[in-house]
């Protein structure tokens with residue numbers, strides 16, 4: 001295995017570790033969302049308030065033109 | 001066709017079906033179709049069906065393979081495989097869409113079912129009863145739209161952030177990953193702004209016309225979220 005390949009593999013592991021928190025958030029949200037499609041009954045106040053607060057925050061940021069930097073197009077790496 | 005091609009075919013069919021459903025107003029069903037659990041389950045079903053109907057036992061074969069190519073005179077033509085997978089996907093989608101929203105209530109006092117506390121004192125024994133009383137009708141439609149938007153926004157955010165945080169590494173794999181997401185980024189920003197405007201309009205005046213506009217804005221966000229998922233699913237190490 002060449003040094004370049006090994007370096008690429010290590011970078012891959014680092015990328016996976018860095019992506020883990022973001023993916024964990026998404027996986028939890030996906031699980032909750034799909035679960036809510038099947039479960040009947042009550043949607044709790046806490047669930048409602050959490051979703052409402054997050055969408056309110058996103059709305060305020062979007063209207064102010066202040067979405068996070070990852071939403072902007074940046075120059076290609078040199 | 002080998003197993004990798006079969007898996008890829010199933011995922012492409014689901015992506016196409018999800019896009020079709022989104023465009024035609026079935027946003028909830030589209031989100032379910034594009035869920036990873038759905039893709040995994042249908043892949044398992046597809047592989048089982050393919051191996052059941054296409055696997056030939058031949059005493060002259062020295063090393064049987066898991067999914068051998070269909071030989072002349074196979075039990076079913078390849079078009080039937082697409083039909084079976086398509087029917088499985090459609091059945092699952094309509095079943096799940098039918099389950100969605102049934103028997104669901106918003107707890108009083110939540111953001112989408114505002115209420116006030118009514119405190120009643122029994123003058124006879126001094127006991128106090130506290131009840132939540134709705135101050136305005138519960139809005140399940142807004143809750144459903146916001147919940148779907150929250151999920152789609154989070155998926156877009158995850159795709160954009162992961163790509164940005166690991167840009168140098170992903171660039172070496174393929175420049176197309178950044179370019180694919182760069183094509184989505186400005187449209188996603190506009191779509192989120194359009195949804196938030198439609199939401200403000202609906203909250204100010206919850207008419208059917210405004211609800212339709214809200215749904216339309218949501219569909220655009222969901223379509224872009226699906227596109228970002230497709231772009232990031234193409235990450236492979238060569």
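Details
- Three-way shape call for chain A based on the alpha-carbon gyration tensor, with the a/c threshold at 1.5: oblate
- Each of residue B:121 and residue B:105 was given a label point 7 Å from its Cα along the Cα-to-Cβ line. The distance between the two points is 3.0 nm.
- Taking Cα atoms only, the orientation of helix A:3-38 departs from the longest principal axis of chain A by about 10 degrees.
- All C-alpha to C-alpha distances of region B:95-238, sorted into 10 Å bins beginning at zero, yield P(r) values of 10, 28, 25, 17, 11, 5, 3, 1 percent in whole numbers.
- Where labels lie 7 Å past Cα in the beta-carbon direction, separation of residue A:10 and residue B:187 in nm: 3.9
- Rg over Rh for region B:124-186 works out to 1.47, both radii taken from alpha-carbon positions and Rh defined as the Kirkwood radius.
- Taking 7 Å steps out from each Cα toward its Cβ at residue A:24 and residue B:174 produces label points 2.9 nm apart.
- For region B:154-238, the C-alpha radius of gyration divided by 2.2 N^0.38 Å, with N the number of residues, is 1.32.
Each value in this text was obtained by applying a stated rule to the coordinates, not by laboratory testing. Keep in mind that what you see is a predicted model, and the values were worked out from it rather than measured. Because the Cβ atoms are built from the backbone with ideal geometry, glycine has one as well, and the counts that use them run over all protein chains shown.
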